[in-house]
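Structure, as structure tokens:
The values are calculated or read from the model by the stated rules, or taken from the named source; none is laboratory data. Remember, it's a predicted structure, so these values are computed and weren't measured experimentally. A quick note on method: Cβ atoms are made from the backbone with ideal geometry, for glycine too, and the neighbour counts reach across all protein chains shown. SASA here: full protein model, heavy atoms, side chains in, ligands and nucleic acids out. Shrake-Rupley method; radii C 1.70, N 1.55, O 1.52, S 1.80 Å.
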Amino acid sequence: MSPSSILFAGSSLTMLAFLRNERRELSKVVSRKRPLSTTSSSLPLEEPTKEQVLALRKAHFANALSISYANTDPLMIVRGEGAWLYDENDVAYLDTRNNVAHCGHSHPTIVKAIQDQVGLINTNTRYLHPNMSLLAEKLASKLPEPLNIVYFCNSGTEANDLALRLARVYSGSRNTIVLDGAYHGHSLAVLQVSPYKYEHCNSHGETEFPLVQPDGDCNFESPGTFIYKVPCPDVYRGKHRNIDTAGTLYAEYVEEACQFYTNRGESVSMIVEGGMSVAGVKLFPPKYLDTCARAVRRAGGLLIVDEVQTGFGRLGSSYWAFQHGDATVVPDIVTVGKPFGNGMPLAAVITSRAVADRFDALGIELFNTFGGNPVCTAAGLAMLKVMDDEQLQEQALEVGDYLRKRLNKLSCSVDLIGDVGGSGLFLGIELVRNRDALEPAAQETSFICSTLKSKFKILCSIDGPYENVIVVKPPMVFSRENADYFVDSFARAALLCADAQLDLSALVKTPT
């Protein structure tokens, strides 16, 4: 379906369209005399231009809050539909990167559920409301027993922070095993279990946390002796690449970490992503997760699986990434976020009654003003219904397999493509300059990503420790036709990249 042929789904205006229409009507009545000022304390009645919005952002936001495509031409996105995003000039962009709008941007069923509920009430969660209880029941039904106790939160960061609290109370220790390249959020506690963040340093070698070696024999540094980092189980460029044996061999590092703490008379838990995203789209080899779970339980701890990026059928092969390749794996705690509310701030922690009871025994009230509020839980209920009604997990499997096959076929003619990892609509295209040496093609990756946006109106993201992986994690309504357009455009962008006259040496990473 071409962008120009897409019509608004349903007859009602989206919330965004409604607000924009109200603003236009108001501007007809009130005449604004003074020009837009970046220091004005009042909002303009006229819609600001892209240049004015950028100026306001620079005036009032820190540089740490990055802007996509800041090194070329930042986008101002004002609406979305399905797998498409539209800028202020109504130019359509195919979205291959925003997994938050799980069932598609502005899905009419979800929009209506939000509109209907916000017109009734949205208040704190100390009161009984059907949405909260019904969503907890529905979410628990999607997980294996004994995971049936739900804590609602507002974000993946909040969920992972609470998950760590639960695990540490249960085990009596804050010792935590983390994976190299992992990312779990931006609160203090989850930054300390996110090597992707805590190992980042500036040009002077300074990090946010003072890093130490947990022990003289450890070959890594972490925010403290309570954080033990083990290698990412990468079968493409890691130490163990045989898919049949890699799971067991990589799990041995986890068993060593457990032994490190039990030798001290201490327990330890572990947190992992169901599928590693910023690490470059890495899925666990067979036997890895099950072996890790057994090891940390023997060490008196719990296994936390962060499904914020990968949950709700994205891999196609399973509803949860921790089940990919082994449906018998059952974590002790699971966290969800991003896609749960299809764009509304909604997340959750799901665990067992045994873990919850241990936390309850502390006697500390756990209250979250907005976590699980009526409007966001209305969005969550609608998202799960759309997932089932439209069979989006099955679509992710079918379209994802088709896309991966097309990319693998393209690799026969595009030498830059070293590997296509992942499953379903969670794929990573790793670009290398040499398939034997696996030299990362970071500049080429940025060129292709920028070209896809500027020339072909396709949005994608860049990740991986060497910034050479193009990550594909679109809304789950992504179609075969969308996949064809992406691969055909990628091939043309790669051809432009191969132009011998191009000098990419000074090209920096495209922020996505």
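Quick notes
- Residues whose placed amide H lies under 5 Å from that of residue 423, excluding near-sequence neighbours: none
- Fully extended contour minus Cα-Cα distance, from residue 225 to residue 89, at 0.36 nm per residue: 43.7 nm
- What the phi angles of region 422-435 give under the Karplus curve with 6.51, -1.76 and 1.60, with θ = phi - 60°, is a coupling list of x, 7, x, 9, 9, 10, x, 9, 8, 9, 9, 8, 8, 6 Hz, glycine and proline written as x.
- Region 178-310: relative contact order in percent, alpha carbon pairs under 8 Å with at least 6 residues between: 23
- At least 27 Å along the helix axis (C-alpha) and Kyte average at least 1.0, DSSP helices within the chain: none
- Among [x] 45, 25, 20; [y] 50, 23, 20; [z] 36, 31, 23, the entry that matches semi-axes √(5λ) of the Cα gyration tensor in Å as calculated here: [z]
- Ordered by solvent-accessible area of protein heavy atoms (1.4 Å probe), largest first, the residues 495, 211, 452, 502 come out as 495, 502, 211, 452.
- The magnitude of the dipole of region 237-320, with charges of +1 and -1 set on the Cβ of Lys/Arg and Asp/Glu and taken from the Cα centre, is near 160 debye.
- Around the Cα centre of region 421-462, unit charges on the Cβ atoms of Lys, Arg, Asp and Glu (plus for the first two, minus for the last two) sum to a dipole of about 280 debye.
- Length added when fully stretched, residue 138-residue 492, from 0.36 nm per residue minus Cα-Cα: 123.0 nm
- Of the GluC sites (Glu not before Pro) in region 342-442, those whose Cβ has at most 14 other Cβ within 10 Å and which sit in DSSP loop: 365
- Gain on full extension, evaluated as 0.36 nm per residue between residue 52 and residue 72 minus their Cα-Cα distance, stands at 5.5 nm.
- Working note: Cα gyration tensor of region 291-347, eigenvalues times five, square-rooted, sorted largest first, giving semi-axes of 24, 15, 6 Å.
- Counted charge near residue 346, where neighbours are those whose Cβ lies closer than 13 Å (Asp, Glu -1; Lys, Arg +1): +1
- Charge tally in the Cβ shell below 11 Å around residue 448, where Lys, Arg are +1 and Asp, Glu are -1, residue 448 excluded: +2
- The helix-only estimate of mean residue ellipticity at 222 nm for the chain, built from DSSP H runs of length n ≥ 4 each weighted as -39500 (n - 2.57), is -10500 deg cm²/dmol after division by the residue total.
- Across region 113-248, C-alpha contacts under 8 Å between residues 6 or more apart give a mean separation that, scaled by the residue count, equals a relative contact order of 15 percent.
- Counting every pair of alpha carbons in region 345-504, the share spaced more than 24 Å apart comes to 50 percent.
- Directionally averaged shadow of region 222-343, computed from the convex hull of its alpha-carbon atoms, nm²: 8.0
- Close amide H contacts of residue 346 (hydrogens built in the peptide plane, cut-off under 5 Å, sequence separation of 5 or more or a different chain): 341.
- Summed side-chain charge close to residue 108 - residues other than residue 108 whose Cβ falls under 13 Å, Lys, Arg +1, Asp, Glu -1: -2
- Residue-normalised accessible area of region 60-147, given per residue in Å² at a 1.4 Å probe: 52
- Percent carbon-and-sulfur accessible area, region 390-434, ignoring ligands, DNA and RNA, probe 1.4 Å: 44
- Only Lys, Arg (+1) and Asp, Glu (-1) charged, at Cβ; the chain dipole about Cα centre in debye: 1040
- Computed E for residue 354/residue 186 - FRET, C-beta separation, R0 41 angstrom, nearest 0.05: 0.85
- Region 80-134: chymotrypsin sites (Phe, Trp or Tyr not before Pro) falling in loop per DSSP and having at most 13 other Cβ within 10 Å: 127
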